[in-house]
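This report concerns only the one structure given below.
No lab work stands behind these numbers, since they all come straight from the coordinates. These figures come from a predicted structure and were not determined experimentally. Because the Cβ atoms are built from the backbone with ideal geometry, glycine has one as well, and the counts that use them run over all protein chains shown.
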Ligand SMILES: Cc1cc2nc3c(=O)[nH]c(=O)nc-3n(C[C@H](O)[C@H](O)[C@H](O)COP(=O)(O)OP(=O)(O)OC[C@H]3O[C@@H](n4cnc5c(N)ncnc54)[C@H](O)[C@@H]3O)c2cc1C
């Protein structure tokens with residue numbers, strides 16, 4: 001029997017690794033093949049290492065409160081390389097071009113320390129008074145989905161949304177809070193309103209859980225590419241990985257599927273785990289199930305880009321005390337955020353140098369996207385010049401563009417995923433994994449791959 005995994009990002013690799021282990025444990029002879037369109041594995045996870053620098057092209061860390069990434073690192077024997085963010089955890093948000101520290105004591109982004117909010121110049125007096133009224137704002141009666149913006153403005157006030165929550169959410173989804181689904185992106189807020197009737201009361205009750213002194217974000221010293229490398233190494237001999245192999249079409253056949261690549265090669269498999277982006281999965285499945293393809297194709301994606309800039313420390317006059325800053329939409333800048341990478345993570349730049357990373361990702365910046373990345377580079381340099389006063393020539397610059405790489409969980413996302421799952425039942429052996437469905441973060445993507453592997457084993461058990 002054969003299983004084909006389409007897409008060699010973290011979800012597809014986690015699925016292949018878990019399936020290989022489970023099949024071996026069960027003594028089930030199973031040929032597992034990963035087909036990846038690009039010329040390398042890892043999907044949006046990509047680390048470049050040179051001259052003592054560790055440059056992350058895509059994600060730079062993951063949340064440790066969801067266990068699957070840490071557990072996978074332990075299983076692969078690379079947990080010794082895990083590290084948290086540096087203790088200097090200040091993060092700033094831009095307001096009229098100036099950087100203001102984000103008030104401390106946020107629990108799931110909700111302020112819990114009254115003193116911090118009262119003193120913060122980020123929020124106006126009116127905004128603070130409005131926030132103080134949150135506990136008496138009535139629960140919403142309608143249980144349907146709503147946008148993140150509508151929810152936060154309703155409960156915490158429009159100013160908190162615009163000046164604090166919007167830039168924090170954009171840093172994760174690179175998207176538009178007017179359209180992001182509350183239930184799919186921040187289910188905990190929905191639950192808090194339902195259970196406690198107030199986000200402030202709920203955040204208070206739950207603040208102990210997030211008040212630990214450790215960092216909730218972890219990374220690997222040599223970069224997240226290490227996780228991809230370790231996974232690929234652990235699968236050697238058990239899983240065949242084929243790069244430069246794009247799947248064009250998946251058709252059903254008795255007790256399985258036939259996959260055809262763009263080069264015309266065919267693979268037959270009892271199990272297909274589709275771990276490519278939803279729009280790519282939609283194209284592959286269109287001839288087999290147009291309804292399923294339509295729902296998959298309706299999951300929107302946003303494009304993002306990162307520009308890493310390295311400088312001699314002596315050229316950086318700004319103290320860079322913290323992890324970086326976020327730029328709210330109403331500042332009308334093309335960038336979304338700037339991470340002070342060498343301050344946030346130790347070991348990312350050699351002594352005497354500073355590494356910064358400017359993150360782009362919303363539609364208003366579209367005019368700066370282009371094949372060669374020159375305009376993104378100029379926009380990144382303008383950003384660090386305007387905000388940090390950095391005019392020196394960088395030691396080097398690296399531009400990475402990620403077209404349609406971040407799924408947007410727009411209003412109604414959970415309903416759409418429910419429909420997709422119901423439709424999938426009619427294609428036994430066909431499974432989905434990846435960022436498009438139940439969480440965009442690395443731990444969720446790993447978990448989605450593991451769950452697909454479990455479902456694959458269950459299906460193989462039934463047909464064997
Ligand atoms: C710039 C950026 C920064 C991020 N930062 C963070 C972060 O700091 N922390 C965090 O937890 N998450 C972060 N994320 C999100 C997270 O990294 C991703 O959601 C996750 O890595 C996606 O994994 P995946 O395997 O689902 O998809 P992908 O990594 O997109 O992998 C899908 C793979 O499918 C392949 N493919 C596509 N079409 C075909 C085809 N026809 N045939 C074969 N293969 C195909 C693609 O080439 C790709 O390799 C970030 C995302 C981006 C884009």
Self-check item: Residue-averaged [θ]222 nm for the chain, counting only DSSP H segments that reach four residues, each worth -39500 (n - 2.57)
Solution: -10000 deg cm²/dmol
Quiz item: Do you know the relative contact order of the stretch 104-209, to the nearest whole percent, from alpha carbon pairs under 8 angstrom that are 6+ apart?
Solution: 34 percent
Quiz item: So, in nm, how far is label residue 89 from label residue 288 when the simple model puts each one 7 Å beyond its Cα toward the Cβ?
Solution: 4.4 nm
Practice problem: Taking the chain as the reference, fit the longest principal axis to its C-alpha atoms, fit the long axis of helix 10-25 to the helix C-alpha atoms, and give the angle between the two in degrees, 0 to 90, nearest 10. | Solution: 50 degrees
Quiz item: In whole angstrom, how far apart do the alpha carbon centroids of the stretch 144-217 and the stretch 373-393 sit?
Solution: 31 Å
Quiz item: Using the eigenvalues of the Cα gyration tensor, what equivalent ellipsoid semi-axes result for the chain when each is taken as the square root of five times the eigenvalue, whole Å, largest first?
Solution: 38, 27, 20
Quiz item: Where a ≥ b ≥ c are the square roots of the eigenvalues of the C-alpha gyration tensor, would you call the stretch 312-464 rounded, which needs a/c under 1.5, or, failing that, prolate if a/b is larger than b/c, or oblate?
Solution: prolate
Quiz prompt | Rg/Rh (Cα only; Kirkwood hydrodynamic radius) as it applies to the stretch 104-209 | solution = 0.93
Practice problem: Can you tell me the alpha carbon radius of gyration of the stretch 14-100 divided by the globular rule-of-thumb value 2.2 N^0.38 Å? | Solution: 1.56
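Please order 1, 284 by the number of other Cβ within 10 Å, starting at the fewest.
Ranking 1, 284 by Cβ neighbours within 10 Å, fewest first, gives 1, 284.
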Exercise. With everything on Cα atoms, drop me the angle between helix 187-196 and the longest principal axis of the chain, reported from 0 to 90° to the nearest 10.
Key: 60 degrees
Self-check item: Likely footprinting exposure, 142, 315, 60, 374, fewest C-beta neighbours within 10 Å first
Solution: 142, 374, 315, 60
Practice problem: Note the per residue figure in Å³ for the convex hull of the C-alpha positions in the stretch 167-251. | Solution: 256 Å³
Practice problem: Could you list 445, 73, 338 in order of exposure, starting from the residue whose Cβ has the fewest other Cβ atoms within 10 Å? | Solution: 73, 338, 445
Quiz item: By how many degrees, 0 to 90 and rounded to 10, does the Cα axis of helix 374-388 deviate from the longest principal axis of the chain?
Solution: 30 degrees
Self-check item: Whether the stretch 233-317 is rounded, prolate or oblate, judged on the alpha carbon gyration tensor where a/c under 1.5 counts as rounded
Solution: oblate
